[in-house]
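Peer 1: Sharing a structure, written as structure tokens. Questions coming.
The values are calculated or read from the model by the stated rules, or taken from the named source; none is laboratory data. Everything numeric in this text was worked out from a predicted model, so none of it was measured. Glycine also receives a Cβ, built like all others from the backbone with ideal geometry; neighbour counts cover every protein chain displayed.
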Amino acid sequence: MRRITFWIVVIILAVVPLAGLGELGGAQPVQAGGSWSAWLYQYDTGRLVHVFPDGVAPVEMVLPLPPGTSMPPAGVTFSRDGSLLAACLIDDANNASVRVYDLALGAYIAGYPAGGPVEGCGLARYSFGPDGNLLAFGLFNHWPNMSGDARPAWEVTVIDVRANTVVHRLTSDTPSVVAAGITYDNVVPFISAFDTSVIAFHPVYWATEGACEYDSIVWQLDGSNRVDRIGPYGKNDLDLLIPNGEAIWVETNDALPQGTLMGPGCTHNVVMYSNKAGDRFPIFHNGTVLYGSRFIDDGRKVAVKSYTEGGVNQWLYIDRDGSTGGLPGDLRDVWQLWGTMDGYVFLNDAGPTGAPQVSYHRFEVSSAIPQVYVAWTGAPGEYWRIVWVNPLSGGAGLPLFQPVVTMIPTPFPTSFPTAPPPSSGLAIGGQARVFTTAGDLLRVRTGPGVANPIAFQLAPGVTVRIADGPRAADGYTWWQIVSDRGTGWAVEGVMENGVFLQTLIPVP
């Protein structure tokens, strides 16, 4: 893991102790108004739901698939105004294409054929340019030295969605890439930021279990194709407040105390901030493991998730004046949070049998503690992901966040019930249902261990049969499973945010 040392500053920030806030009297029906809406996506069925905060009924649809394509895309992204949707589709002949769907027209308006099958496709939150006319995406075309495939190993391509033409393309073979010594193999480029004249992306190694930080690549769109390894665009939990030119992320600083996880993971301990002038400094540290940094309340605050040893999660906010406070307890185990003009929205982790729910926390003028509302509730057992929320305006005249050198670790509530990893309940000959979070697919490998190639991947909700196991390898417990896709080995569970997440749930 790369360790980053921040600039030393001389301002000490006082901390408001973070008390457990509980449910604050319970959630209210979402008749609160508010200037936001959100799109949710269910990738195993291709269903979309448009959710609103003011009592308006949600709008539901199923993403139409082009002829010859029967499998919904594993992920989608939206233009910043929410009018266009982009998806990486795999047709029935295993050929990939990136397509753009106009929600108002109800039709695909652009597409980029990859010229054959691809190993991975990278669409991200900022894949669309500022006005929605351009779309940038990454492709991992093939493994190195594959005979008969003349395509570059990877590429970042920009298309004009109105003219349906390619306007920019950067590949592993581009001279400026080679000259810069960028020699990645087996990577999918994911777009971190897209301005009119520059694209930033981070290369993610395919078929790995993730990393605590990735390289940050900046590509100039001025015709020079210049690329540089600069900026924070590969940082963990990077969030951008584009109107203000600000960014936040979490990283590890060895000079400050670090928290401890119950299993493997990233022990980031500092929330970092960058402003339009390029100044970069820490704005929060409290001696715990930090992740999940997001701009909220139209950029007036930052929300960050903190974990303390023993399985206690707590979301807190950092104000621009340096004050901090705890956020409501129904956020405790939430990972996916999006800022709104007056608060934030999030999708709860309902587990394999619970009902998914979109909640809305709104900051009232007279209180630093947001009110809790429920905007939408799905059917039990369904898995959804928030894929778009109205972007923040940034708020004119916002002051900079305050830098901090060190902070006294703040006490966190200890009354939250925690439990050790449960007995899996799996047995040879039995059945199990796949359960993952964060839009992940379960990787099924040719053998027990992360060094074995991925045979296929399974979406949440798929039922499998247990054929063999358990086997211990690389810190995981593995079971051989049989599905409609084939036979392979999958992990029983993983540590996520310091808590054991069982990925194979026994079916009675």
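Quick grid of which residues meet (1) more than 21 Å from Val334 (Cβ to Cβ); (2) surrounded by fewer than 24 Cβ atoms within 10 Å (Cβ to Cβ):
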{"site": "Gln258", "(1), (2)": "yes, yes"}
{"site": "Gly263", "(1), (2)": "no, yes"}
{"site": "Asp279", "(1), (2)": "yes, yes"}
{"site": "Asn286", "(1), (2)": "no, no"}
{"site": "Ser293", "(1), (2)": "no, no"}
{"site": "Asp297", "(1), (2)": "no, yes"}
{"site": "Ala303", "(1), (2)": "no, no"}
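Peer 1: Also, quick follow-up: Considering every residue within the stretch 184-205, establish whether at least one is touching a residue at least 12 places away in the same chain (Cβ under 8 Å), over 22 Å from the mean Cα position of the chain (by Cα) and more than 21 Å from Gly132 (Cα to Cα).
Peer 2: Yes, because at least one residue in the stretch 184-205 is touching a residue at least 12 places away in the same chain (Cβ under 8 Å), over 22 Å from the mean Cα position of the chain (by Cα) and more than 21 Å from Gly132 (Cα to Cα).
Peer 1: Go through (1) surrounded by fewer than 20 Cβ atoms within 10 Å (Cβ to Cβ); (2) more than 15 Å from Val187 (Cβ to Cβ); (3) in contact (Cβ under 8 Å) with a residue 40 or more places away in the chain for Glu119 and report which single condition fails.
Peer 2: So Glu119 meets the others, but not (2).
Peer 1: Given (1) surrounded by fewer than 17 Cβ atoms within 10 Å (Cβ to Cβ); (2) part of a strand (DSSP E or B); (3) β-branched (Val, Ile, Thr), where does Val204 come up short, assuming only one miss?
Peer 2: (1)
Peer 1: Could you please find all residues in the stretch 452-473 being assigned to a strand (DSSP E or B), more than 22 Å from the chain's Cα centre (by Cα) and not polar (S, T, N, Q)? It would help to see each step written out before you state the result.
Peer 2: Taking the stretch 452-473 first, the residues assigned to a strand (DSSP E or B) are 454-458, 463-473.
If we keep only those that are more than 22 Å from the chain's Cα centre (by Cα) too, we end up with 455, 463-473.
Result: Ala455, Val464, Arg465, Ile466, Ala467, Asp468, Gly469, Pro470, Arg471, Ala472, Ala473.
Peer 1: Still on this structure: Please note which strands (runs of 3 or more DSSP E) are completely contained in the stretch 302-346 and include at least 2 residues that are more than 19 Å from the chain's Cα centre (by Cα) and closer than 23 Å to Phe281 by Cβ. Can you show your working first?
Peer 2: Details: elements: 312-319, 324-326, 337-339.
So the answer is 312-319, 324-326.
Peer 1: Would a scan of the stretch 123-134 turn up a residue that is closer than 19 Å to Val218 by Cβ, in a strand (DSSP E or B) and of a type in the set (Ser, Thr, Tyr)?
Peer 2: no
Peer 1: Considering the stretch 77-97 alone, what residues qualify as being at pLDDT below 95 and not in a loop (DSSP other than H, G, I, E, B)?
Peer 2: Correct list: Cys88, Leu89, Ile90, Ala96, Ser97.
Peer 1: Further, regarding this structure: What residue, among those in the stretch 325-366 that are β-branched (Val, Ile, Thr) and buried (at least 22 other Cβ atoms within 10 Å of the Cβ), is nearest to Ile296 (Cα to Cα)?
Peer 2: So in the stretch 325-366, the residues β-branched (Val, Ile, Thr) come out as 334, 340, 345, 353, 358, 365.
Narrowing further to those that are buried (at least 22 other Cβ atoms within 10 Å of the Cβ): 340, 345, 358.
Numbers: Thr340: 6, Val345: 9, Val358: 16 Å.
The selected residue is Thr340.
Peer 1: Of a type in the set (D, E, K, R), in the same structural domain as Val62 (by TED's automatic domain parsing), within 22 Å of the chain's Cα centre (by Cα) and surrounded by fewer than 22 Cβ atoms within 10 Å (Cβ to Cβ): is that true of Arg151 in this structure?
Peer 2: Working: of a type in the set (D, E, K, R): yes; in the same structural domain as Val62 (by TED's automatic domain parsing): yes; within 22 Å of the chain's Cα centre (by Cα): no; surrounded by fewer than 22 Cβ atoms within 10 Å (Cβ to Cβ): yes.
Spelling it out, it is not the case that Arg151 is of a type in the set (D, E, K, R), in the same structural domain as Val62 (by TED's automatic domain parsing), within 22 Å of the chain's Cα centre (by Cα) and surrounded by fewer than 22 Cβ atoms within 10 Å (Cβ to Cβ).
Peer 1: Sticking with this one: Just to be sure, is Arg47 closer than 30 Å to Gly148 by Cβ, assigned by TED's automatic domain parsing to the domain that holds Asp321 and modelled with pLDDT of 95 or more? Step through it out loud before you land on a result.
Peer 2: Numbers: closer than 30 Å to Gly148 by Cβ: no; assigned by TED's automatic domain parsing to the domain that holds Asp321: yes; modelled with pLDDT of 95 or more: yes.
No; evaluated as a whole, the condition is false for this residue.
Peer 1: Where residues in the stretch 132-148 are farther than 30 Å from Asn390 by Cβ and of a type outside the set (Gly, Ala, Ser), which of them is nearest to the chain's Cα centre (by Cα)?
Peer 2: Among those residues, the one meeting the criterion is Phe140.
Peer 1: Moving to a separate point now. Pick from Tyr317, Tyr373: which is crowded, with 18+ Cβ neighbours inside 10 Å and either among the polar types (S, T, N, Q) or at pLDDT 90 or above (or both)?
Peer 2: Working: Tyr373 fails: either among the polar types (S, T, N, Q) or at pLDDT 90 or above (or both).
Matching residue, one of Tyr317, Tyr373: Tyr317.
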